[in-house]
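The values are calculated or read from the model by the stated rules, or taken from the named source; none is laboratory data. Only a predicted model underlies this, so the values are computations on that prediction, with no experimental measurement involved. Note that we place each Cβ from the backbone using ideal geometry, even for glycine, and neighbour counts take in every protein chain shown. Remember, those area values only see protein heavy atoms, side chains included, never the ligands or the DNA or RNA. Shrake-Rupley method; radii C 1.70, N 1.55, O 1.52, S 1.80 Å.
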Amino acid sequence: MAQIWDEVGETDEDRDKMLLQIDQECLDVYNRKVDQAVRSRAHLLQALADAKVEFSRLLSALGEKTYDGIPEKNSGSIKEQLAAIAPALEKLWKQKDERVKEFLDVQSQIEKIGSEIAGTSEQVESPKVDESDLSLKKLDEFHAQLQDLQKEKSERLHQVLDFVSTIHDLCAVLGIDFFSTVTEVHPSLNDSTGVQSKSISNDTLSSLARTVLALEEDKKQRLQKLQELATQLIDLWNLMDTTEEERSLFDHVTCNISASVDEVSIPGALALDLIEQAEVEVERLDQLKASRMKEIAFKKQAVLEEIFACAHIEIDSEAAQNKIMALIDSGNTEPAELLADMDNQIVKAKEEADSRKEILDKVEKWMAACEEESWLEDYNRDQNRYNASRGAHLNLKRAEKARILVGKIPALVDSLIAKTRAWEQDRDTTFTYDGVPLLAMLDEYMMLRQDREEEKRRLRDQKKFHEQIKEQETPFGSTPSAARPLGTKKVVGPGANGSGNRRLSLNSHQNGSRSTTKNGKRDHSRTVAPVNYVAISKDDADSHISGTEHIPSTP
């Protein structure tokens, strides 16, 4: 530098100024470097402090109390300390990012399921994650909340599918379009959408429940209507003797006549067109019934007469039929009203027959006993009854049973009289048997029984008288004259003449037979009752034969 200055010719003064300037510039550079170093140290210290704060903040946000990668000593240079804490911070930042993703995922699922339950169709925004609390405890709380929502969603989805399945079955039975029904509730319920995409909101569940209730009520009403039509069809078929082939055309209607609502599950069983078809058939049969009213009415009249015949109640059949024809021909009576009236008459006739059943059963027993009594009387008259002929032992057994049965007749008659009187008092009317008052029949039977007892006593007296005469004449060798056989009445049972209803003649001279008119009908101007219903005992059997004839003793 001095050589240069010498060559240039700088003065000492210029040289001193130049040196001073150089010294000042060097000092300025030094000072700048010192300031720069101070600032760098301060920056490093701040970075170290920020790193430590960040480290603490991350530990707190992640819920970690300690961390294995943190330097244990605060020794060494600032850069060394920063270099020591940097890896730990890097790991915590990465762990934070992963934890934020986990929170974001679980919160997104929570909000999505929540919106599905709420039924909101708006686009769900990404949830905001609270980065101040990213602890595992908080994450577990979100997971628990998500699990509860998933369980609720599963339950709701199960309910939805159950409702949809029920609607499908109901629509099939009712013949209603299933897809239009469910999509009207919510479009997502169509089968083309996935299960997880179906709406599970409260509104959807409520709408499905209302739809099921409406369909079930519709099913109930249709079934009730169909059962009413089926009942009408069967009644009309029975009235008009419809063939099984014609009835089979409506088996799909009548098969559910007694079914409950839950039992009807066949597709189309309650379709409207099926009900309309049944209504048309009922209307057709009603019109046909009107044209065949006389035939139907006479058929019901035959049923009524059969009930009265079985109950031994006499009615004027010809007058009843004439009345029916007059009512139908006049046109003043509705066919349905006439048939309903006849149905009521049939019901009352059945009630009347039921009230008479106990007495009629006893009358049948009485008549059967009287028939056995008549047979026993004929048997006792038979002189050959002890011969070893074929079937004699059977007749002997029957005779023993007949005597036992005949012995019960008085008690049976007393019971029959008591029950008949009670029946008449209860109904304030006379109990008749085929038009004859039963009490009159029983009273005459009791009088005939008394007459029979007197006749038996008279026969016994005559027998004793003839025996005394025989004993007085025998010692003188005279031959007793044959006495004329005494006339007796043969015991004839109620069915001796072969009549089916065994009507009894009250006229004792009729001997149990029934008088008939020319056309074969019974003449009810004559009363009837059994004649001579007293059984002949073993001691009195011989009294029916002349006292001069020898009769074997009755078994």
Odd one out for residue 120 among (1) within 30 Å of residue 224 (Cα to Cα); (2) open to solvent by 30 Å² or more (accessible area, probe 1.4 Å); (3) not small (Gly, Ala, Ser): (1)
Residues being touching a residue at least 40 places away in the same chain (Cβ under 8 Å) and assigned to a helix (DSSP H, G or I) - total across the stretch 358-396: 21
Filter pass, residue 106 being modelled with pLDDT under 85 and hydrophobic (A, V, I, L, M, F, W, C): no
Qualifying residue in the stretch 33-42 (condition: hydroxyl-bearing (Ser, Thr, Tyr), open to solvent by 100 Å² or more (accessible area, probe 1.4 Å) and in a helix (DSSP H, G or I)): no
Residue match in the stretch 157-164 (condition: surrounded by fewer than 16 Cβ atoms within 10 Å (Cβ to Cβ), under 23 Å from residue 119 (Cβ atoms) and among the acidic types (Asp, Glu)): yes
Any hit, the stretch 73-83, residues being open to solvent by 70 Å² or more (accessible area, probe 1.4 Å) and in a helix (DSSP H, G or I): yes
Residue check for residue 265: under 30 Å from residue 290 (Cα atoms), open to solvent by 20 Å² or more (accessible area, probe 1.4 Å) and assigned to a loop (DSSP other than H, G, I, E, B): no
One residue from 418, 369, 422, 402 being among the small types (Gly, Ala, Ser), open to solvent by less than 10 Å² (accessible area, probe 1.4 Å) and under 20 Å from residue 443 (Cβ atoms): 369
Qualifying residue in the stretch 35-55 (condition: modelled with pLDDT under 80 and closer than 22 Å to residue 139 by Cβ): yes
Hits in the stretch 210-236 - residues which are under 30 Å from residue 119 (Cα atoms) and loosely packed, with under 14 Cβ neighbours inside 10 Å: 210, 213, 214, 217
Pair list, Cβ < 7 Å and 6+ apart or interchain, from the stretch 318-338 residues that are open to solvent by 50 Å² or more (accessible area, probe 1.4 Å) to residues that are of a type outside the set (A, V, I, L, M): 321/298; 321/301; 325/294; 327/333
All positions within the stretch 294-317 that are open to solvent by less than 50 Å² (accessible area, probe 1.4 Å), in a helix (DSSP H, G or I) and of a type in the set (A, V, I, L, M): 296, 297, 304, 307
Leading residue by the ranking (nearest to residue 363 (Cα to Cα)) among those in the stretch 273-293 that are of a type in the set (A, V, I, L, M, F, W, C) and either surrounded by 12 or more Cβ atoms within 10 Å (Cβ to Cβ) or touching a helix residue (DSSP H, G or I) at 6+ places or on another chain (Cβ under 7 Å) (or both): 293
Residues (within 34 Å of the chain's Cα centre (by Cα), touching a residue at least 40 places away in the same chain (Cβ under 8 Å) and over 25 Å from residue 262 (Cβ atoms)) located in the stretch 151-201: 156, 157
